[in-house]
Structure formats: C-alpha cells, structure tokens
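The values are calculated or read from the model by the stated rules, or taken from the named source; none is laboratory data. Nothing here was measured: the structure is a model prediction, and the numbers come from that model. Don't worry about glycine lacking a Cβ; one is built from the backbone with ideal geometry, like all the others, and counts go over all protein chains shown. These accessible areas exclude ligands, DNA and RNA; they are computed on the full protein's heavy atoms, side chains included. Shrake-Rupley method; radii C 1.70, N 1.55, O 1.52, S 1.80 Å.
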Amino acid sequence: MRGKWHYLALALLIWSLSSLVGCAGVDQLTDVLYPTPTSAPRAPQPSPTTTPTSTAASQEPTTSPTPAKTPSPTTLSAEPESEDQQMGLVFAHDGKIYRGDRFGQQSTEIADISRLEDWDFTLGFLAIADMGNLYIIDLNHGEMHNVELQGEIVYSHVLWGTSGQRLLHAAIVEDETAPTFARSVDLRTVGHDGEILSEMRLEDLSGVNLLRYDDRAEEVLLIPQGGDPAFTKAEYYDIKSGERQRTVAIQGEGEAMASPDGRYLLTERLDPEQGAQLALYNLSAEAEEAEETEPRTWQHPADSHSVSHTWSPDGEYVAYLLQDGASFADSTEGLGLWVLDVTSMKAEKVMEEKSLSSTVVDWTPDGEYIVGYHRGTEGESHFYMIRPDGGDRRLLTLPPEGEILGWMTSPNEASADKVTIDRWQGRFEDVEGEGTAMAQLVAEFVAANAEDDDETLSRNLRAHLEKTGWSTDEVAPRVERLGDQLFLAQLPRSSIYLLDSGEAHLVADGDLVIDARLEDDDLGVIFGMKRADFVQPTYMLLHREEDGSWRPLWTPQGRRDWVATDGEIQFVDDGLDRLRVRGSSFGLDEAEEQIFAECQQCPHRWLTATWRRSDGTYERESDLPSDASLSQIFWEMTERTPYAILHECLRRLQEGQAVDELVATPQVADQIGNLGLLEEEARLVPERETEDRVYFGDAKRERTFRAQVQDGKLIRVEPIEE
C-alpha cells in the first residue's frame, strides 16, 4: 500500500497501528444502516447485493477540493464494476485475510495469518516482518515463502519497492560496537521467492524511517533516526553498493512521507512563532541542480497541527486530519479531514472529524476516494470512503476492529489457494531448551488462541514443541481451561504451570494434570508424576493475591495420614470443600509397617479417607481421639480386604493386642503362633490375594502359607506343603 507511511521507531509504529483498531460496539450503527437481523459473526460476511445509491456517486473530484459540509453517509451501491474498477479491497480481521469487491463487499477468506506485526502490501503480495522471520505471501497464487534471518533483531520493518517486484527489509539489531546507541540497522532486499538479493548496514542508529524504495534503480530514501523525534536530513543509498549517494537537508518532527513518484517529501514542522505547518520539499534532480532547497509550506490554522498524512496515487494531493493544540499531546478534539493540493499548496476541509483516535487509511487506487477510519467514543466506529471534494461519503461493511491492507486484482481462482502461516513456530524455536521462557511463550500462545477448545490448543502446542526438539513421547503437553483467560498446562520437563491472562506461573513439578477446580480466587489442582506404568497423584490449593500472583495455600506435605501412593485423589462435591484420597500401603513408613516386606508387584492394603477443608487447610474426617496411634489411624482408613485383615491381625498379635474382632475363633491366633509367623527372624512376603485367600511366604525359612478369610475374619492360617 503505497500511501502507508513507514516508521521503525517502535512507539510511533504502535501508535499508528492502534489507531486503525476500532471499538467493538457497533450495534447502534449497524441497526440503522443494515436492518436485517444478524448475529455478530466471527468472520466478515457478504453484504446485501442491493443497497441505496448516493446521488453524489457520479460526481468527479474537483481539481482543487473545496470545503464541504460532511454529507450523510450512504450504504454502498451495487453498481456494476467497470474494467478499471476490478481492484478488490483486501482487509484483515481476527487473524484472517479477506478479499472483497472495490468496497470490501462479497468478501471471501484468502489467508489465515494468526496476526499482523509490521507489514506492507502491494499488488496481492503481503510481506510480514516478525522479529527473526520474514514472510512473503503471494495472495494471487496462494503461495508463501518464509525467510529466517540471523542476528539479535530488536525490531524489523518492510517496504515494497515502487514496482512491487522487490521488498526492502530493515532490522534494528543489537550492536556492541556501536558507541552511541549500541544498535545498528541492517537493510536487505528480498525477491518474491524469499531470496535475499543484497545486504548493507547503517551503523550506530536507533532506527530508520523508510520513505521510498525504487527497486528498479536499487535506490533507498530514508531518514536516519537517533534519540530525537525531530530530523534534519534525508539520505539516498545505493542498496547494492551500500554507498550513500546524496543527502537532502530537511526539517520536521514525527511523520515524513515521500510522494509515490518520489518527487516530493512532505514533513510537518513546528515554527516557534507561527506554529505547525506542512513543508513540501522538491526532491527532483532539476530542483537539486537549481539549488532549490527551501520547501513550499502550508500554514495550519492557529493552535492546530496535522496527523495521519496520506498521498494520493498521482502525487497531487495529501489527505490528513487536523487537530487542535500545538502537538498531539495538547489535543482535545479533531478539526476535520483536510486535503492539501500540492500544486497550489492550499488545503481545504473535506468533512468534520472530531475524534482524536480516527485516522486516514489510504486512497483508492484510482484516487477517487479517500479511505478513513472513524473511531467513535460510544462504539460507533467504522471505515468509510469519501471523495476529496466531500461528496459521496460511504460507510464500508467491514468489521470495525479489522485492518485494511490495500487492493489487488481478482486472483486466478484455479490457483489461488488459501494461504495459512503459523508465525508462532519461529518464536518457539527461539526459546528451544529454555523451560521458563518456553512456559511464558506458551502462556502468550494460549492467550492469543483462547477461542480454540482445549483439544485444539493441546494439539497445536504439541506440534510446536515437537518441531523445536522438545520430547513429548513420555509426557504430551496438555492445556485445560479453567476460565476465560485462565488455564492449566502440563509442559515438558515435568512442569505444571498456571497460565493467567498471558502470564505463566509455575505450580509444581508434575507430568499430568488430573483435575482442577476454581472457586472464586482459590484453585485446587490434582496432578501427578509418572512412575513407570503408574501415576503418583498429589494435591495443591492455591490462592490468587490482589496483585494477580498465585500463592500456594496448602499441600499435604508432612501429613503421614495422607496416603495416595499408586492411588487417586478426587473432588467429592462441586467445589473445593472435600477430597477423597485413596492409596496403597506400599508408600507407608517402614518403621511403622514391618509385618510384611511389600514389593511393587505384591498385594497391598488400600487406605481411603475423606479430607474436609477448614479455611485454608484440609483435615481428615475421623472418629478417633486426637491421641490415636498412627497404626490406629491407618486401620481406620484401611479397606477390609483379606490381606489387610491378615496384616492387622499379625500386627496386633506382635504388639500383644486383642484380635477378637479379626479372627473367627481363638484357635486361629494359636495357628499363627505355632507356625512361627510372629518370630522376629521371620521375613514375610505377600505373594497373591484372591477374594477370600492370601498366599504369602517366609523368605527366611523358604516356606509358603495360605490364610483364609470369611465375613471379614480369619478362619484359618495353614502352611502349603510342596
């Protein structure tokens, strides 16, 4: 888009792009202009084929614009396009690119690009600069080339050449050898196929303002930038040799724009006495030979300045917005859309525009209309077209939060496939092997794609990580949604993160998120670590502080009656009040449990308990007195399986306790004593358990035994003879 002014200074670029983005609330405007009931679509929808036609549509622009009262807007007409009107408007919305007719109607999706950073568009070719990656997308044929750039790039910028055949890429790079700014600017030219054709460096600059790239003459016009927004010179460079050809003395602040034909350079300068004025410098060879260095000027009305300057395609006019105040910082209201005739150096007001956030987008390729964006204060934001004489104002049926790229001819439908690029991959590659940086990038990725479901987010995240070398064979990354911008993520290197509005908070080491509950500002997370073919679960309660950070509120660490080994943890109710915890005896303290030597594959006892929340902690529900022994606590929790009953009977007998409730007859206790199972040197190992029997051995004496249980009591214990 030739009328698009280019800045490398990041603050100015952000201001420019943000002024193109509108408020979402356009219901009132839509109801008036388009009364057909529709729901708000995610992507732009085709407009009606018949709409009212403005009586001013046939008017031609005057040679010199005259003041005009802002006309009432009309909806777009469905007039047949003549041969010279076959250019279709191209715009971006919600990460996708659409092409419509001359006014953006009848739009179809032609590309999915995730998002735009710095970009330039011409003749159906879209260039996107994204830090270390450069994407060149041919929307005419549905093709894309990705150029990976080297070096520590701080910011990058792109500008198509005047013929649209080559691209100029500028990158601000870290440069330790630069004595003033510790940065330099690398310039390179790139072909449509992504091939780098030439490179040069401008040393010790904080940035550049790219004004024009003549790709036939291989000549670049730019303003070198230091730490001051004001500038005093523009420079021409031979991009092939890297040599500076000539310097032009100019004066201005903020914006500077070269005309499409390269003849003029427009700046705005602030005169301490007269105020803001537009200055037009003649860059032609004839003016240089005649030493005509003084610019022609247009003095703005007192106490006003201009913004958002845009050249007409023929280089005869400049559209801009006038605002009150000596500078942008002093503005309180807009003073309208104006057009400067560079032949007469006189400007006239085209229409009223009071919003300070509005902008001039471009001119249509034929120069018949100025394209603008009005950002209202109460949600009535919209794109529009208006003739430079103030007639035939048309509201465009584009999403107010979209962005106009430019115009292109109708593509070859047979070859113009939809282009899809994933510009996140380069960023994932940049943080390869850095766990914390990767987690933060995942948080940003998830926040940017929050409209996707959990399965899609997890699948796409896994694809990114696998391409960058992260192993996901053992633990696949997983994202689980808790709220609009709150997610839990299990990531490689056994880490679980809370992703809150694009920020990553480490929760704990873990391979698997089992379940999670959010209740106000409290979050309960059940997660686990993989161990061979089983998962060791655990639990954490977190609280969100007023500053947005998350603090661990409670964990079961140090609670010996919390038994979850090889087991499970579940929320009992809908909230966080109760937990059901079940685990095996394999992880119990050996000092307390010496009756049997249990192995991983042996039969185990299973212990179950319900834990109830009390303020910021959890306590196990129990009927035991507070001074109960750990063995009593474990038995209260134990499921009454045959092995558990045998184990408890032997334990009590060893400690001289009564076993009446565990044996069918007193003779069973005698059997146990007579078999030597209570002797200190006995080493008992459980081997197998059935519905009513337990098979175990004495490793010291190399003997095996069988215990039988009926109705929850031991009825016999006997040796198994070989």
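Per-structure values
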item	result
Out of 566, 627, sole residue that is surrounded by 18 or more Cβ atoms within 10 Å (Cβ to Cβ), out of contact with any His (no Cβ under 6 Å at 6 or more places or on another chain) and of a type in the set (Asp, Glu)	566
Residue identified as acidic (Asp, Glu) and in contact with a Ser or Thr (Cβ under 6 Å, 6 or more places away or on another chain) among 271, 215, 228	215
Candidate set from the stretch 683-722 (those that are in contact with a strand residue (DSSP E or B) (Cβ under 9 Å, 6 or more places away or on another chain) and of a type in the set (Val, Ile, Thr)); member that is nearest to residue 671 (Cα to Cα)	717
Any hit, the stretch 685-699, residues being of a type outside the set (A, V, I, L, M, F, W, C), touching a helix residue (DSSP H, G or I) at 6+ places or on another chain (Cβ under 7 Å) and not in a strand (DSSP E or B)	yes
Sole exception among (1) crowded, with 18+ Cβ neighbours inside 10 Å; (2) in contact with a Pro (Cβ under 7 Å, 6 or more places away or on another chain) for residue 659, by number	(2)
Condition check for residue 188: at pLDDT 90 or above, over 20 Å from residue 409 (Cβ atoms), open to solvent by 10 Å² or more (accessible area, probe 1.4 Å) and within 28 Å of the chain's Cα centre (by Cα)	no
Top-ranked residue in the stretch 546-563 [being out of contact with any Leu (no Cβ under 8 Å at 6 or more places or on another chain) and more than 19 Å from residue 614 (Cα to Cα); ranked as most open to solvent (accessible area, probe 1.4 Å)]	546
Verdict on residue 665 being within 27 Å of residue 554 (Cα to Cα) and among the β-branched types (Val, Ile, Thr)	no
Hits in the stretch 433-476 - residues which are open to solvent by less than 10 Å² (accessible area, probe 1.4 Å) and touching a Ser or Thr at 6+ places or on another chain (Cβ under 8 Å)	439, 465
Number of positions in the stretch 217-262 that are closer than 22 Å to residue 189 by Cβ, surrounded by fewer than 17 Cβ atoms within 10 Å (Cβ to Cβ) and of a type outside the set (A, V, I, L, M)	10
Residues of the stretch 569-598 that turn out to be in contact with a strand residue (DSSP E or B) (Cβ under 7 Å, 6 or more places away or on another chain), buried (at least 17 other Cβ atoms within 10 Å of the Cβ) and in a loop (DSSP other than H, G, I, E, B), as a count	3
Count - residues of the stretch 125-172 that are small (Gly, Ala, Ser) and surrounded by 21 or more Cβ atoms within 10 Å (Cβ to Cβ)	6
Filtered residue count, the stretch 275-298, keeping only those that are within 20 Å of residue 343 (Cα to Cα), open to solvent by less than 60 Å² (accessible area, probe 1.4 Å) and not hydrophobic (A, V, I, L, M, F, W, C)	6
The stretch 528-554 residues that are under 16 Å from residue 581 (Cβ atoms) and without any contact (Cβ under 8 Å) to a residue 24 or more places away in the chain, paired with ones that are among the small types (Gly, Ala, Ser) and surrounded by 13 or more Cβ atoms within 10 Å (Cβ to Cβ) (beta carbon under 7 Å, 6 or more apart)	528/510
Of residues in the stretch 248-269 being assigned to a loop (DSSP other than H, G, I, E, B) and under 38 Å from the mean Cα position of the chain (by Cα), the one nearest to residue 228 (Cα to Cα)	254
Test: residue in the stretch 498-510 that is in a loop (DSSP other than H, G, I, E, B), of a type in the set (D, E, K, R) and either at pLDDT 90 or above or under 30 Å from residue 604 (Cα atoms) (or both)	no
Candidate set: the stretch 691-722, residues that are surrounded by 13 or more Cβ atoms within 10 Å (Cβ to Cβ) and among the polar types (S, T, N, Q); chosen: the one nearest to residue 644 (Cα to Cα)	708
Every residue from the stretch 232-252 that is closer than 23 Å to residue 291 by Cβ and not charged (D, E, K, R)	232, 234, 236, 237, 245, 247, 248, 249, 250, 251, 252
